[in-house]
């Protein structure tokens, strides 16, 4: 098999009607060995969610949404190789963990690339699309949180241009562990 490069994929926003593929990719991500460090929900919890949840999620982060955008990497056969979502956080509000948001920013969540598509530059192409979308909505920076022990993800985020900010927040699943904030300033 020929090794794919990042140019072999189309990176685009999801469409609300693609909610079943959104669900399928998320469930696959939650089966990844790194999922307990990378995602806050577990496979069983996500698999039990009703279709309406996935329909709402796809509508809220699909093409045309001003506050969130889920990007996927699509192969020529229509299958999806990976995904990430960017949320817009407004200055003067609190983020999902209750911390104050000091400036308008993008917050990257739900990053996943299928194992057979890793190591070819795809993650950088997906981040480029997500960051560009955030800049187009007036974000002053883009950030993400990554578990302190998830070195593979930290390496991928560094390759995409993100750097540790020095901010550490308690890991929601275990306050004895931390997540590190990585940022990309405009």
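The values are calculated or read from the model by the stated rules, or taken from the named source; none is laboratory data. This is a predicted model, so every value here is computed, not measured. Heads up, the Cβs are rebuilt from the backbone with ideal geometry, glycines too, and the neighbour counts pull from every protein chain shown.
Selection within the range 60-77: residues that are in a loop (DSSP other than H, G, I, E, B) and out of contact with any helix residue (DSSP H, G or I) (no Cβ under 9 Å at 6 or more places or on another chain). The member of this set that is nearest to residue 146 (Cα to Cα) is 66. One residue stands out among those in the range 131-170 that are in a helix (DSSP H, G or I) and in contact (Cβ under 8 Å) with a residue 60 or more places away in the chain: the one that is surrounded by the fewest Cβ atoms within 10 Å (Cβ to Cβ), which is 152.
The condition of being outside any strand (DSSP E or B), under 13 Å from the mean Cα position of the chain (by Cα) and surrounded by 12 or more Cβ atoms within 10 Å (Cβ to Cβ) holds for only one of 27, 40, 87, that being 40. Any residue at all in the range 46-55 that is within 17 Å of residue 14 (Cα to Cα), buried (at least 16 other Cβ atoms within 10 Å of the Cβ) and modelled with pLDDT of 95 or more? Within the range 46-55, one or more residues are within 17 Å of residue 14 (Cα to Cα), buried (at least 16 other Cβ atoms within 10 Å of the Cβ) and modelled with pLDDT of 95 or more.
Would it be correct to say that residue 99 is closer than 21 Å to residue 29 by Cα and either modelled with pLDDT under 95 or surrounded by 21 or more Cβ atoms within 10 Å (Cβ to Cβ) (or both)? It is false that residue 99 is closer than 21 Å to residue 29 by Cα and either modelled with pLDDT under 95 or surrounded by 21 or more Cβ atoms within 10 Å (Cβ to Cβ) (or both). Within the range 114-124, the set of residues being surrounded by fewer than 21 Cβ atoms within 10 Å (Cβ to Cβ) and without any contact (Cβ under 8 Å) to a residue 60 or more places away in the chain comprises 116, 118, 119.
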